[in-house]
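Please treat every number below as a calculation from the coordinates, not as lab data. These numbers come from a predicted model, not from an experiment. Neighbour counts run over all protein chains shown; Cβ positions are idealised from the backbone, glycine included.
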Amino acid sequence: MSSSSTLADKVKEYETESLIKFLQKDPKLKHIEVGDGFFMRLEEEKITGDSFLKLTGWEFKKYGMTLGQALDLEEYIKRLGSVLVVNLEKCYV
């Protein structure tokens, strides 16, 4: 039996530290070039995965990101909702 959920469902469960680790390792975020200040801001504001998924480009822009970065981050968050994660439980052949 297998169950699936989106990557956003998984991210939603993350506390701040887990969220930051996930984002730092995600190659899809590398092209946005957010820098260490972005991660420090997430820590300072105690942004959890659930909170992160609610952020918009406007909010990223308000915190000093370029318009391009802000729009790219907003798109990145939207895409997390479309990536399926499959968990295999008791898979029989």
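The 3J(HN,Hα) values that the Karplus relation (6.51, -1.76, 1.60; θ = phi - 60°) gives for region 74-79 are, in residue order, 4, 5, 4, 5, 4, 5 Hz. Gly and Pro appear as x.
Sites count as exposed loop sites when they are trypsin sites (Lys or Arg not before Pro), lie in a DSSP loop, and have at most 11 other Cβ atoms within 10 angstrom; the longest stretch of the chain without one is 1-45.
Projected over every direction and averaged, the convex hull enclosing the alpha-carbon atoms of region 12-52 yields 2.6 nm². Mind checking which of L73, L53, L29 has the largest fluctuation in a GNM of the chain, springs on alpha carbons under 10 Å? The residue with the greatest mean-square fluctuation here is L29.
The candidate values were [x] 6.5; [y] 8.8; [z] 6.8; the one computed from these coordinates for mean projected area of the Cα convex hull in nm² carries the label [x].
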